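The values are calculated or read from the model by the stated rules, or taken from the named source; none is laboratory data. Predicted model, so just to flag it, every value in this text is computed and none were measured. Cβ sites come from the backbone with ideal geometry, for glycine too, and all protein chains shown count toward neighbours.
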Amino acid sequence: MELPTLEELPEGYRSGFVAVLGKPNVGKSTLINAFVGQKIAIISPKPQTTRRRLRGILTLPQAQIIFVDTPGIHFPKHKLGEYMVETATRALKGIDLALFMVDVSQPPTGEDEEIARLLREYRPAPVILVLNKVDLLRPEREEAHREAYLALGEFREWLFLSATRGDNRERLLELIIEYLPLGPQYYPPDQVTDQEVRFMAAELIREQALEFLHQEVPHSVAVVVEEFQERREDLTYISATIYVEKKSQKGIVLGQGGKTVKRIGTAARKEIEALLGKRVYLELWVKVSKKWRRDEGALRRLGYVLPKKK
Ligand SMILES: Nc1nc2c(ncn2[C@@H]2O[C@H](COP(=O)(O)OP(=O)(O)OP(=O)(O)O)[C@@H](O)[C@H]2O)c(=O)[nH]1
Ligand SMILES: [Mg+2]
């Protein structure tokens, strides 16, 4: 699809890049999926789910919003963590608006303070404070938590939100559009993300690994799609490798008689079929890449390469 020229767009058309920042697990990816109306980012109740920057594009009659999903900012314990935090920090460059998302059902932590400090240091754009998970906020804590978050910095706007239930989502969208500059469509109106389907398939497999594995194992998982072939018009063949950090984890991912990897595969296949709108034959392998989260070379081989500084 071709991009319309400025003359073809309605007068006053707005567009821009909106980074969603916050510590792990506050609901950043959930919000972007809800706005875009499609699962473009994987989600899990476990922290540190998103590892790379990715874009979710919402095209409306009056505006195009490019949401930038970022890894949760935290105090890293290994090179993968450092990579994730650096990725999130670099996403601040060249944005038009930042959404600082927090979990308002809990009081602020050191990670929230660190993000507020980053925003003060970089001053990337106006900041809207998004107090998410309001559906979990106990009424007697509302005032104390709200005041504690508002005290973290200077915010142009703030609002309560429930990304899952939808409270205030429309209001947030209106606010975002108000802060966008006049501009063209950067992406064709039917495009919802900048990611390749091959990469999205790898993420959907990792999402199911997060679902079926526990404790440290899910965090030690990386997924690489080795082959992605349209065998027939209605059938895609995908072969992927699940990497873990140690031999013992390989046993856990396989499970007795291979039952765990089978479960991961069945669930992921359904998700990928929904994404592609066709049948998928998915083959999964499990391999060990020793302590890959601590190894720069392994990180690169697994595709964790920093986006260019803008
Ligand atoms: N109750 C409630 N749960 C929410 C809300 N928003 C997100 N969640 C849940 O919070 C968990 C984390 O959501 P994600 O969207 O993966 O969080 P994230 O901020 O992208 O996390 P990272 O990628 O790890 O940084 C999931 O279990 C979501 O279903 C909300 O408004 N209310
Ligand atoms: Mg996320």
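General observations
- All of Asp96, Asp69 fail the test of being of a type in the set (D, E, K, R), in the same structural domain as Ala125 (by TED's automatic domain parsing), under 30 Å from Glu8 (Cβ atoms) and within 12 Å of ligand 2 (Cβ to nearest atom), apart from Asp69.
- Strands (runs of 3 or more DSSP E) contained in segment 24-111 and holding at least 1 residues near ligand 1 (Cβ under 8 Å from one of its atoms): 63-69, 97-103
- Subset of segment 100-133 (residues that are surrounded by fewer than 19 Cβ atoms within 10 Å (Cβ to Cβ) and either under 18 Å from Pro45 (Cβ atoms) or among the aromatic types (Phe, Trp, Tyr) (or both)): Ser105, Gln106, Thr109, Glu111, Tyr122
- Of all residue pairs spaced 6 or more apart or on separate chains, those with beta-carbon atoms under 9 Å, a first member in segment 187-200 that is under 17 Å from Phe228 (Cβ atoms) and a second member that is modelled with pLDDT under 95 are Phe199/Gly303.
- Of Leu282, Leu275, all but one fail to be aliphatic (A, V, I, L, M), over 24 Å from Leu80 (Cα atoms) and either assigned to a strand (DSSP E or B) or in contact with a strand residue (DSSP E or B) (Cβ under 6 Å, 6 or more places away or on another chain) (or both); the exception is Leu282.
- Whichever residue in segment 18-34 is in contact (Cβ under 8 Å) with a residue 40 or more places away in the chain and either surrounded by fewer than 21 Cβ atoms within 10 Å (Cβ to Cβ) or of a type in the set (S, T, N, Q) (or both) and, among such residues, is farthest from ligand 2 (Cβ to nearest atom): Ala34
- Candidates Arg55, Arg14, filtered to the one that is in the same structural domain as Leu173 (by TED's automatic domain parsing) and touching an Asp or Glu at 6+ places or on another chain (Cβ under 7 Å): Arg55
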